[in-house]
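> Here it is: the structure, laid out below.
The values are calculated or read from the model by the stated rules, or taken from the named source; none is laboratory data. As the structure is a prediction and not an experimental result, all values here were calculated from the model. We place every Cβ from the backbone using ideal geometry, glycine too, and count neighbours over all the protein chains shown. When the accessible area is computed, the model is the full protein with side chains, heavy atoms only, and any ligands, DNA or RNA have been set aside. Shrake-Rupley method; radii C 1.70, N 1.55, O 1.52, S 1.80 Å.
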Amino acid sequence: MAQEVRGVIAPGKNEPVRVDTIVVPDPWPGEAVVRVQACGVCHTDLHYKQGGISDDFPFLLGHEAAGVVESVGEGVTDVEPGDFVVLNWRAVCGNCRACLRGRPWYCFNTHNAKQKMTLTDGTELSPALGIGAFAEKTLVAAGQCTKVDPSVSPQVAGLLGCGVMAGIGAAINTGGVGRGDSVAVIGCGGVGDAAVAGANLAGAARIIAVDIDDRKLATAREMGATHTVNSRQRDAVEAIRELTGGFGADVVIEAVGRPETYEQAFYARDLAGTVVLVGVPTPEMKLELPLLDVFGRGGSLKSSWYGDCLPSRDFPMLIDLHLQGRLPLDKFVTETIELDAVEKAFERMHHGDVLRSVVVL
């Protein structure tokens, strides 16, 4: 039987979000209903509100979440009611050309629940990234549920659902950071700080955090940065080279998503080094680089999709590392809030006052 719950709706472009009543249907085959316990306020949710993702309003916001499976549809075997799960927005299909080549983290046919959640008047909702977890309960594809150790705090676990996984994965999975490497991270918001934490976890010898905000640089230090550079005060490329013997970093992670900072990343890497783009650009942005420099500097220019993660592999591992005290996921949580405080959380995010606000239900 369908259930009515509270959820946060973005009714139209740049309109204030509101808490409304959401109708959550019983799960069909391959689907699951999850009772949400915590959901981080991610910049992607703000993009949805601003119309930067699509114009398919109204949106049911929220996607960086953890909770407990309440019910599952026919044929679901990987999770069952009572399982504590982190929600992911890339349910692997297992049958596309990437999956069949043994690269499921690149799955080209990820999927969501087939049914739609609605308002009480029948208006269909578009769930953010196929999840819609600023709600007491949500309907997802069962493959979007990744079972993890239930002893972890939900507000910590949910962060792996998007931003933290994107940053850690950009360092470890996409960038291939290894023991003794030098790493520079440009942009120290939630994703950038997660990249710093990932580089530290991988054993990088030198981790250089770059930002224009000293508050963010201080947080990057807490995540494992060995050096910080305020690029308002000095040239980021020169500073990174100076800190790496004049050569540049082995891996440079761009976590801003702007042409100017990508160019900095390109020239701040060592010869044959790697640039990883994990910051999300907007459609109108263009990049111009001398092709001779692209050829002459060698190495790799990569984009990181969701940290190139495989949720079934990476989420449980990272939760275990956190529980062992080796990955400080709790440091990403600046504040916990209620559903009706999401609009204010967007304002604080815009002003750079928080690393993560987390809705606790």
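> Between residue 271 and residue 68, what length comes free when the chain is fully extended (0.36 nm per residue of separation minus the Cα-Cα distance, one decimal in nm)?
68.3 nm
> Find how much the distance from residue 247 to residue 116 grows on full extension, using 0.36 nm per residue of separation minus their present alpha carbon separation; answer in nm with one decimal. All intermediate terms of the calculation are to be shown ahead of the outcome.
Working: separation 131, 0.36 × 131 = 47.16 nm, distance 5.29 nm.
Result: 41.9 nm gained on full extension.
> Next up: State the three equivalent ellipsoid semi-axes of the range 226-350, derived from the C-alpha gyration tensor as the square roots of 5 times its eigenvalues, in descending order and whole Å.
Numbers: eigenvalues 189, 79, 58 Å².
Semi-axis lengths for the range 226-350 are 31, 20, 17 Å.
> With +1 on each Lys and Arg Cβ and -1 on each Asp and Glu Cβ, and nothing else charged, work out how big the dipole of the range 220-361 is about its Cα centre, in Debye to the nearest 20. Could the numbers behind the result be given before it?
Details: 15 positive and 22 negative charges, 61 e Å.
I would put it at about 300 debye.
> With the contact rule set at Cα under 8 Å and sequence spacing of 6 or more, what percent relative contact order holds for the chain?
Details: 908 pairs, mean separation 61.3, N = 361.
RCO, the chain: 17 percent.
> Just to confirm, what accessible area per residue do you get for the range 6-109 at 1.4 Å probe, in whole Å²? Numbers along the way, then the final one.
Working: 4520 Å² over 104 residues.
Heavy-atom accessible area per residue stands at 43 Å².
> Does a label point 7 Å from the Cα of residue 340, set along Cα-to-beta-carbon, have any residues of the range 15-36 with amide nitrogen under 15 Å, and which are they?
Answer for the range 15-36: 17-21.
> Let me ask something else about it. Assigning unit charges at the beta carbon (Lys, Arg +1; Asp, Glu -1) and nothing else, what dipole magnitude in debye, to the nearest 20, does the chain show about its Cα centre?
On the way: 32 positive and 45 negative charges, 174 e Å.
Charge dipole, the chain, about its Cα centre: 840 debye, nearest 20.
> When the Cα centres of the range 126-202 and the range 209-249 are compared, how far apart do they sit, in Å?
23 Å
> Additional query: Please give me, ordered by residue number, the trypsin sites (Lys or Arg not before Pro) of the range 97-203 that lie in loop per DSSP and have at most 11 other Cβ atoms within 10 Å.
101, 179
> Follow-up question, since we're still on this one. What is the P(r) of the range 266-312, as percent of Cα-Cα pairs per 10 Å bin from 0?
Each 10 Å bin holds this share of Cα pairs: 21, 44, 29, 5, 0.
> Same structure again: Using Cα centres only, tell me the gap between the range 61-86 and the range 311-361 in whole Å.
Cα centres, the range 61-86 to the range 311-361: 19 Å.
> Could you look at the chain and say what percent of its accessible area is carbon and sulfur, using a 1.4 Å probe and all protein chains?
Values: 7550 of 15640 Å².
The nonpolar share, carbon plus sulfur, comes to 48 percent.
> Determine the per residue accessible area of the range 126-184 with all protein chains present and a 1.4 angstrom probe, expressed in square angstrom.
Details: 1370 Å² over 59 residues.
Per residue, the range 126-184 has 23 Å² of solvent-accessible surface.
> Still on this structure: May I ask you to give the average projected area over all directions of the convex hull of the Cα atoms of the range 61-112, in nm² rounded to one decimal? Working shown, then result.
Numbers: hull surface 17.7 nm².
Hull-based average projected area comes out at 4.4 nm².
> Mind checking the full-extension length gain between residue 55 and residue 93? Use 0.36 nm per residue of separation minus the Cα-Cα distance, one decimal, nm. Intermediate results must be reported in sequence, preceding the final value.
Details: separation 38, 0.36 × 38 = 13.68 nm, distance 2.66 nm.
Using 0.36 nm per residue and subtracting the Cα-Cα distance, I get 11.0 nm.
> Which trypsin sites (Lys or Arg not before Pro) in the range 271-308 pass both tests, a DSSP loop state and at most 11 other beta-carbon atoms within 10 Å?
Details: sites: 286, 297, 302; in loops: 286.
In loop regions of the range 271-308 (DSSP not H, G, I, E or B), the sparsely surrounded trypsin sites (Lys or Arg not before Pro) are 286.
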